[in-house]
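Just below is one structure, and these are the notes that go with it.
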Amino acid sequence: MAQVLDLLAFEPVARSGSQWYGCCPLHETPAKGQRYFSVNLALGRYYCHRCHSHGNAIELWAAATKRPLYQATIDLCQRLGREVPWIKRW
Ligand SMILES: [Zn+2]
């Protein structure tokens, strides 16, 4: 989650432990000092009190890049230099 926030250039306005608040990276025109967006780094979940978008780190990346979850996951893994966690069938 922290890496996704990094890619989105998210800057928290306030922090309380692993709970961070700031303006929502999903809104088109983020204004300074807004804190609708709440993210819990320990749980890896986010929630926006304005657009009501919520989910995990991959869902946040998918919403921010406006891609389907599948493509967003592959894209995110490539950006972070990680292997795509394919589910192996056997
Ligand atoms: Zn929002």
Show the residues, 5+ positions off or on another chain, whose built amide H is closer than 5 Å to the amide H of GLY55.
-> TYR46
Counting other Cβ atoms within 10 Å, which GluC sites (Glu not before Pro) in the chain have at most 15 and lie in a DSSP loop?
-> GLU28, GLU83
Under the Karplus curve 6.51 cos²θ - 1.76 cosθ + 1.60, θ = phi - 60°, whole-Hz ³J(HN,Hα) for region 21-26, x wherever Gly or Pro sits | 10, x, 7, 6, x, 8
Tell me, what is a quarter of the convex hull surface for the C-alpha atoms of the chain, in nm² with one decimal?
-> 6.4 nm²
Accessible area expressed per residue, region 40-80, with surrounding protein chains retained (probe 1.4 Å, Å²) | 60 Å²
Region 1-55: trypsin sites (Lys or Arg not before Pro) falling in loop per DSSP and having at most 10 other Cβ within 10 Å = LYS32
Where does the chain land at 222 nm, in deg cm²/dmol rounded to the nearest 500, when only DSSP H runs of n ≥ 4 count, each adding -39500 (n - 2.57), divided by all residues?
-> -8000 deg cm²/dmol
Tell me, what ³J(HN,Hα) does each residue in region 52-69 have, in order and in whole Hz, if you take phi through Karplus 6.51 cos²θ - 1.76 cosθ + 1.60 with θ = phi - 60° and put x for Gly and Pro?
-> 6, 6, 7, x, 9, 4, 5, 5, 5, 5, 4, 5, 5, 9, 6, 10, x, 3
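The values are calculated or read from the model by the stated rules, or taken from the named source; none is laboratory data. Owing to the predicted nature of the structure, the values given are computational and were not obtained by experimental measurement. All Cβ positions, glycine included, derive from the backbone under ideal geometry; neighbour counts span all protein chains shown. The protein model used for the area step is the full one, side chains on, heavy atoms only, and it has no ligands, DNA or RNA in it. Shrake-Rupley method; radii C 1.70, N 1.55, O 1.52, S 1.80 Å.
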